[in-house]
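Everything below concerns the one structure shown next.
The values are calculated or read from the model by the stated rules, or taken from the named source; none is laboratory data. Values in this document were obtained by computation on a predicted structure and should not be read as measured data. Quick reminder, even Gly has a Cβ in these numbers, built from the backbone with ideal geometry, and neighbours come from all protein chains shown. For the accessible areas, the whole protein counts, side chains as well, though only heavy atoms, and no ligand, DNA or RNA atoms are used. Shrake-Rupley method; radii C 1.70, N 1.55, O 1.52, S 1.80 Å.
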Amino acid sequence: MLYQTALQLVQRCIPFHDCVSSINTCVLKENEMEITTRRGEILREATPLAVLCVWEDEQLPPEVAALVETDDFRGWFKQLLVLYPCGALPARRLLLVGLGKRSKATADTVRQAAALAAQKAHELRLTHFAASLPVNEALTPEVSAQAWAEGAELGLYRYLLYKSAPEPEQKHRVEQLLMLVEDDVKMVNTGLKLGQMVARGVALGRDLANGPGNSITPTHLGEVAQEIGARLGMQVTVLGLEELQSQGFGGILAVGQGSAQPPRFIVMEYGQAQKGRPTICLVGKGITFDTGGISIKPAEKMDNMKMDMGGAAAVLGTMHIVAELGLPLHVIGLISAAENMPSATAYKPGDIIKTLSGQTVEVLNTDAEGRIVLADALYYAQRYQPHAIIDLATLTGAVMVALGPHAIGMMGNDQALVDRLTRAGEAAAERVWQLPLWDEYREMMKSEIADLKNTGGRYGGAITAAGFLAAFVADYPWVHLDIAGTAWIEQPTRSYVTKGATGVGIRLLTQMLRDFATVEVQ
Ligand code: BES
Ligand code: MN
Ligand code: ZN
């Protein structure tokens with residue numbers, strides 16, 4: 001295996017923007033590691049760092065108890081202590097990681113513990129370390145292993161692409177992790193592999209949403225999709241300006257018309273329609289930069305609007321995972337990509353546009369552009385007669401007001417699908433919270449002179465936005481996920497969620513799709 005330093009990656013990548021977010025198979029990214037398993041006991045292992053997970057209020061193994069005052073380490077969740085056994089154990093260092101009460105632990109407990117352990121190994125500038133897996137009644141070895149791999153790799157995620165001279169601590173890479181396993185080696189390996197695939201899909205999503213608007217353009221998103229498709233065997237079609245015009249994508253064209261960057265509509269198809277295989281459409285908002293257009297946003301924090309393609313990033317990351325996993329599903333990824341700019345050619349308040357569905361929209365605010373580009377994609381999705389359509393979009397500031405940074409806003413027309421996402425959100429620790437979508441909200445989006453208007457006034461902004469989208473999905477089961485409050489984080493609370501782009505939605509969708517793959521469809 002060839003390893004490259006972050007610096008070499010930077011030098012290689014800056015002149016070639018295309019490779020910014022492609023996962024290169026022969027080069028490990030700074031957060032990726034090689035994970036191997038072996039039967040054995042962590043306290044018998046000669047390693048630079050042995051990680052021992054400890055439950056709150058449970059006795060430490062006697063060899064460890066001899067090294068620490070019990071009062072100094074109680075096993076509280078996220079409590080950490082580095083010990084130097086000085087020959088009392090084969091390991092040079094012993095890291096105790098508190099998990100909290102055994103009865104309360106979930107996969108997310110392990111995910112966070114693993115992130116803390118990997119971050120400590122990184123801080124100590126170690127290239128490899130060893131650990132063992134915590135299990136309880138709810139945590140099978142496979143689930144625990146998946147969570148460990150996800151947490152460790154995601155906890156080490158950094159965005160260094162544009163650092164021409166990274167600090168030594170940034171450049172340092174934790175290369176290898178050895179998991180010591182009691183007996184279920186096979187299940188543990190399956191879980192670790194799955195966790196690594198998931199983490200790499202999430203890192204791809206984070207890279208895209210962290211990437212600057214001048215690099216991550218609609219054209220670039222199309223190229224990333226093509227690259228993933230070619231590498232993992234998915235059919236990818238990218239519609240350019242002329243195709244959008246001839247096929248009538250009036251929404252995407254209107255939003256994109258003020259920009260020098262041409263818009264794109266991206267179609268990724270994994271698997272094919274087949275009896276017993278659900279068809280699921282994932283739809284992503286890909287506004288690669290949202291200035292607000294003529295209804296321009298204030299200058300403060302406008303730079304953050306490079307992440308307005310977080311929905312598209314989630315679709316790309318998820319498609320990557322789905323294809324790597326080979327799930328027995330038919331999954332379509334659809335991305336509406338455009339840059340929302342003010343200019344002499346930009347669409348204006350008062351304009352009336354005709355969307356792909358034929359429905360007309362009166363533009364009252366050019367900053368409510370996400371719903372307009374999604375309208376075309378949601379309408380397009382129907383041609384697959386899908387069992388489910390899920391769209392992800394950094395759609396409204398209003399969802400941040402409603403739910404803050406701890407939940408994705410969810411609205412839909414099918415309670416079974418809503419419940420499915422709720423369960424997946426709990427399991428993946430990417431929680432969703434349902435808001436109502438009663439007819440009254442849809443009514444609020446009707447225009448006096450066109451079929452719809454693109455804003456519904458001050459109140460209930462997250463819901464009226466969904467009310468607008470609902471006009472384009474007809475009767476297919478559909479859920480809208482508003483990730484405006486969760487796609488970016490300034491002050492992370494979970495140890496594997498790093499500052500900046502979170503890659504939210506990818507673990508949630510992966511969880512949901514894996515559930516879909518295990519149930520029959522009539
Ligand atoms: N991309 C924004 C929403 C957003 C805000 C995402 C903050 C992430 C963080 C969206 O296009 C937008 O501007 N929405 C407007 C809609 C309004 C004009 C009806 C909003 O929420 O203010
Ligand atoms: Mn906007
Ligand atoms: Zn936007």
Residue, nearest to T486 (Cα to Cα), within the range 178-205, restricted to residues that are part of a helix (DSSP H, G or I) and of a type in the set (D, E, K, R):
R200
Here is a check on your reading of the model: is G293 within 16 Å of ligand 2 (Cβ to nearest atom) and either touching a residue at least 60 places away in the same chain (Cβ under 8 Å) or hydrophobic (A, V, I, L, M, F, W, C) (or both)?
yes
Checking G412, G404, G397 in turn, the sole residue that is of a type outside the set (S, T, N, Q) and either more than 16 Å from ligand 1 (Cβ to nearest atom) or surrounded by 21 or more Cβ atoms within 10 Å (Cβ to Cβ) (or both) turns out to be G412
Has the range 241-252 got at least one residue that is touching a residue at least 12 places away in the same chain (Cβ under 8 Å), within 16 Å of ligand 1 (Cβ to nearest atom) and assigned to a helix (DSSP H, G or I)?
yes
Going through the range 415-452 in order, the residues found to be β-branched (V, I, T) and open to solvent by less than 20 Å² (accessible area, probe 1.4 Å) are V418, V432
Residue under question is L96, and the condition is that it be at pLDDT 95 or above and crowded, with 20+ Cβ neighbours inside 10 Å; does it hold?
yes
Single residue of I296, I332 found to be in the same structural domain as D367 (by TED's automatic domain parsing) and more than 16 Å from ligand 1 (Cβ to nearest atom)
I332
Restricting the range 258-290 to residues that are of a type in the set (S, T, N, Q) and within 15 Å of ligand 2 (Cβ to nearest atom), the one most open to solvent (accessible area, probe 1.4 Å) turns out to be S259
Among the residues of the range 314-323, is there at least one that is more than 16 Å from ligand 2 (Cβ to nearest atom), more than 20 Å from I216 (Cα to Cα), surrounded by fewer than 24 Cβ atoms within 10 Å (Cβ to Cβ) and not acidic (D, E)?
yes
On the given criteria, is I372 among the aliphatic types (A, V, I, L, M), surrounded by 24 or more Cβ atoms within 10 Å (Cβ to Cβ), on the phi < 0 side of the Ramachandran plot and not in a strand (DSSP E or B)?
yes
Of A338, A381, which residue is away from ligand 2 (no atom under 16 Å from the Cβ) and open to solvent by less than 10 Å² (accessible area, probe 1.4 Å)?
A381
Residues that are closer than 21 Å to N365 by Cβ and over 28 Å from the mean Cα position of the chain (by Cα), drawn from the range 239-253
G250
For the range 345-367, enumerate the residues that are under 22 Å from A260 (Cα atoms) and open to solvent by less than 10 Å² (accessible area, probe 1.4 Å).
A346, Y347, T355, V363, T366
Checking L392 against (1) surrounded by fewer than 24 Cβ atoms within 10 Å (Cβ to Cβ); (2) within 15 Å of ligand 1 (Cβ to nearest atom); (3) under 30 Å from V110 (Cβ atoms), the condition it does not meet:
(1)
